[in-house]
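Structure first, commentary second.
Readers should treat all values here as calculations from the given coordinates under stated rules, not as data from a laboratory. The structure presented is a predicted model; accordingly, all values stated were derived computationally and were not measured. Every residue, glycine as well, gets a Cβ built from its backbone with ideal geometry; the counts of neighbours run over all protein chains shown.
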Amino acid sequence: MAGLGWTEILIILAVVMLLFGSAKLPQLARSLGRSARILKAETKGLREDDETPQPAQPQAQQPPVQQPPAQPYAPPQGQLPPGQPIQGVPVDPNQARNH
């Protein structure tokens with residue numbers, strides 16, 4: 001029991017008896033029992049919620065999405081198509097690093 005011996009348990013019970021008095025102990029035990037029952041019922045309900053499989057929702061048959069016919073790629077005016085080398089004046093690599 002969590003490293004508690006009989007002497008420690010008796011001391012704890014004596015302190016509880018002094019704090020609450022003999023008249024309040026039955027009421028305290030009753031409320032503690034109710035709380036334990038409520039906690040047990042709630043944990044059982046949560047476990048049941050986790051274990052029940054969710055009903056599968058029927059998926060509506062959707063028509064396949066048709067792609068528009070492929071058109072040749074034309075880059076916007078002033079831009080180069082990807083993967084094409086730049087044609088024009090060669091750039092000195094040393095000069096490009098300094099800027």
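The table below gives the values:
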quantity	calculated
Residue list for region 31-47, filter: small (Gly, Ala, Ser) and closer than 26 Å to Phe20 by Cβ	Ser31, Gly33, Ser35, Ala36
Filtered residue count, region 2-53, keeping only those that are surrounded by 10 or more Cβ atoms within 10 Å (Cβ to Cβ) and on the phi > 0 side of the Ramachandran plot	1
